[in-house]
Amino acid sequence: MTDDRITALQPEGSGQSAPTEIDASGQLVLPAFVNVHLHLDKTRLGDRMPYDRTGTLQDGLEQTWPLKRAYTVEDIQARASEVLNTAIVHGAGFIRGFADIDPMGGLTGVDALLGLRERYSSRLQYQVAAFTQEALFRHDGTLEHLEEAVRRGVDVIAGCPQIERSADLVRKHVETCFELATANDLDLHFLADDTDDPAARSLEIITDCTEDAGWQGRVIVGHVGALSAYDHPHAVEVIRRVVDAGVVVCTNPQISLVLMGREDRGAVRRGTTRVSELLAAGARVIAAQDDVDDPYYPFGIPSQLEVAKYTAHVAHLSHPAGLDTVLDMVTTEAAKAVGLEAYGLEPGADADFNVFTVDRVSEALRLAPAPRWVVHRGVVTATTETTTWLRTE
């Protein structure tokens, strides 16, 4: 490696040496993991939540309101740093952190995550997304907060149109996000149709706006669970529009399993979008962690191997080719979705990779271990050693 890049791939004993050498013989080497969706401002709030909460999406929203009003930059950074550090240990090389912007929390989350961007620059690539969790037009001042977040230097505009009170406001929400993003040359990331309701239609608006704005390849839509509730002919048409618009779909399997299908009885839906059908149609599909011990999800570690493993379960991608697919969804495909150009395990790519003590992808997904070595820009940023003693007699 030279200048933080991979210079060559060659067998041991080829004559070249480096200041730091890792013996990876017989071990699996994978490119750094890419997590494009993680709510860092709300992470690790689990122990501050009331015991009698219901676990629904609406309950999570409402229970977070008093916590937002008490936000401080220092507290958010302490909680987010804990999760970022764990993510690095588990091989993350890129994270897109979300921060809510609304009159309750103001821009405290944005300021906190922007402050961490420089602090972590030597250990991983890191973006800040300003997120309209409470919608744009429900509370006075939210749009102004979003505009100010852009001025302060966020990397991404993240919309949540389904929270609006009417179909007209859903459309206005999407169109406003596109206007602000195109005016400031920013990527877009929507949490869209995160519901079981087959009447939800924001995904179609997003595909139309993407084509109208010429923003193909710069828009990610998360969740889109309602796509699974559409009648099949309509779902096929919407998937075609997703493919034509070049919109990337991000599934968050753990959180969808927990939040969706709560009104179902008997055969309870998985809540995830139509992953396999999207893939078969040629859509770009990726996967992300979303939440770690927050008001919406009491579990989770920032491990993209765990995300890939869940995706294999809920999307019926447990066959050999499927395992390769879910791994791509947290590595190469996710890297393309956020525009990482010098990514991968090839000469000229950034020297960002993980070395595992297992020897094949199926074992990495079965065990979901932390890497033995994590390397970012040619520097070892984390190591994990495990010692086990077992009495056999």
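The values are calculated or read from the model by the stated rules, or taken from the named source; none is laboratory data. Owing to the predicted nature of the structure, the values given are computational and were not obtained by experimental measurement. Cβ: placed from backbone, ideal geometry, glycine included. Neighbour counts: every protein chain shown. Surface areas here come from the heavy atoms of the whole protein model, side chains and all, with no ligands, DNA or RNA. Shrake-Rupley method; radii C 1.70, N 1.55, O 1.52, S 1.80 Å.
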I'd like the antiparallel share, as a percent to the nearest 5, of DSSP beta bridges with both residues in the chain.
35
Prolate/oblate/rounded label for segment 307-393 (Cα gyration tensor, a/c 1.5):
oblate
Per residue, what accessible area does segment 227-301 have, given a 1.4 Å probe and all protein chains present, in Å²?
38
Could you work out how far helix 304-314 tilts from the main Cα principal axis of the chain, as a 0 to 90 degree angle to the nearest 10?
60
Could you tell me which label, among (1) 20.9, 70; (2) 20.5, 74; (3) 21.2, 63, carries the value of Rg and Dmax of the Cα atoms in Å calculated for this structure?
(1)
Would you calculate, for the chain, the mean residue ellipticity at 222 nm contributed by helices, counting each DSSP H stretch of 4 or more residues as -39,500 (n - 2.57) and dividing by all residues, to the nearest 500?
-11000 deg cm²/dmol
Under the rule rounded for a/c under 1.5, else prolate if a/b exceeds b/c, else oblate, using alpha carbon gyration tensor axes a ≥ b ≥ c, segment 25-136 is classed as prolate
Can you tell which of ALA370, ALA245, ALA24 shows the greatest fluctuation in a Gaussian network model of the chain with Cα springs below 10 Å?
ALA24
Positive minus negative residues near LYS336 (Lys, Arg vs Asp, Glu; Cβ under 13 Å)
-2
The size of the Cβ-based charge dipole (Lys, Arg +1; Asp, Glu -1) of segment 220-284 about the Cα centre, to the nearest 20 debye, is 140
Selected from LEU180, LEU143, SER303, residue furthest toward positive end of dipole (the chain; charges at beta carbon):
SER303
Two-site label geometry, ALA280 and GLU211: point separation in nm, points 7 Å out along Cα→Cβ:
2.3
I need to check one value: relative contact order of the chain, counting alpha carbon pairs closer than 8 Å and at least 6 residues apart, in percent.
21
Can you give me the % of accessible surface on the chain that is carbon or sulfur? Probe 1.4 Å, all protein chains present, nothing else counted.
48
Fluctuation leader among ALA337, ALA349, ALA321 - the chain, Gaussian network, Cα springs under 10 angstrom
ALA321
Estimate the FRET efficiency between GLU148 and PHE299 by the formula 1/(1 + (r/R0)^6), using the beta-carbon distance for r and 30 Å for R0, to the nearest 0.05.
0.35
In nanometres, what is the gap between the two model label sites at GLU62 and HIS319, each 7 Å from Cα along Cα-to-Cβ?
4.6
Placing +1 on each Lys and Arg Cβ and -1 on each Asp and Glu Cβ in segment 47-138, then taking the dipole about the Cα centre, the residue among SER121, GLN133, ILE95 whose Cα reaches farthest towards the positive end is SER121
Restricting things to alpha carbons, find the Rg to Rh ratio for segment 243-316 using the Kirkwood radius for Rh.
0.99
Please list ASP155, ASP212, ASP294 in order of solvent-accessible area, largest first, computed with a 1.4 Å probe with all protein chains present.
ASP212, ASP155, ASP294
I'd like to check one number: the per residue accessible area of segment 65-170, probe 1.4 Å, reported in Å² as a whole number.
36
